[in-house]
Amino acid sequence: MKNLLFPELIGEMAKRGENQTTLAELLGITTGSINNKMAGKTKWTISEMALISNYYNRDKEELFKRNEKY
């Protein structure tokens, strides 16, 4: 993944060999929707952030901290 807007989330996905399809399936949304969220075009909902944080067993504030360079 080229997008580094959410480096902690991307790092967790990489550790497990997962991709945006994994998140889409977890949340029950399309990969296009995940792509838009990862690119910062649409916002994550609180429930989406909670599900992903629980899945990776990470604090949502850390996991969804934005890299402001992007």
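The values are calculated or read from the model by the stated rules, or taken from the named source; none is laboratory data. Bear in mind that the values here come from a model prediction, so they are computed numbers and not experimental data. All Cβ positions, glycine included, derive from the backbone under ideal geometry; neighbour counts span all protein chains shown. For the accessible areas, the whole protein counts, side chains as well, though only heavy atoms, and no ligand, DNA or RNA atoms are used. Shrake-Rupley method; radii C 1.70, N 1.55, O 1.52, S 1.80 Å.
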Checklist outcome for this item: In the range 42-70, residues that are surrounded by fewer than 13 Cβ atoms within 10 Å (Cβ to Cβ) and touching a Ser or Thr at 6+ places or on another chain (Cβ under 8 Å) total 2
Next on the checklist: Name the residue that is modelled with the lowest pLDDT, counting only residues in the range 1-11 that are over 17 Å from Asp59 (Cβ atoms) and open to solvent by 40 Å² or more (accessible area, probe 1.4 Å).
Outcome noted: Met1
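Listed residues Ala39, Ala14; which is open to solvent by 50 Å² or more (accessible area, probe 1.4 Å), closer than 21 Å to Glu68 by Cα and over 9 Å from the mean Cα position of the chain (by Cα)? Before you say what the answer is, go through the steps one by one.
Working: Ala39 fails: open to solvent by 50 Å² or more (accessible area, probe 1.4 Å).
Only one candidate qualifies: Ala14.
Identify all residues within the range 1-54 that are in a loop (DSSP other than H, G, I, E, B) and among the acidic types (Asp, Glu); write none if there are none. Walk me through it before giving the result.
Initially, the range 1-54 is screened for residues in a loop (DSSP other than H, G, I, E, B), giving 1-6, 16-19, 28-30, 39-45.
Within the range 1-54, Glu18 is the sole residue that qualifies.
Return yes or no: is Leu27 in contact with a helix residue (DSSP H, G or I) (Cβ under 8 Å, 6 or more places away or on another chain) and modelled with pLDDT of 95 or more? Let's see the steps before the verdict.
Numbers: in contact with a helix residue (DSSP H, G or I) (Cβ under 8 Å, 6 or more places away or on another chain): yes; modelled with pLDDT of 95 or more: yes.
Answer is yes for this residue.
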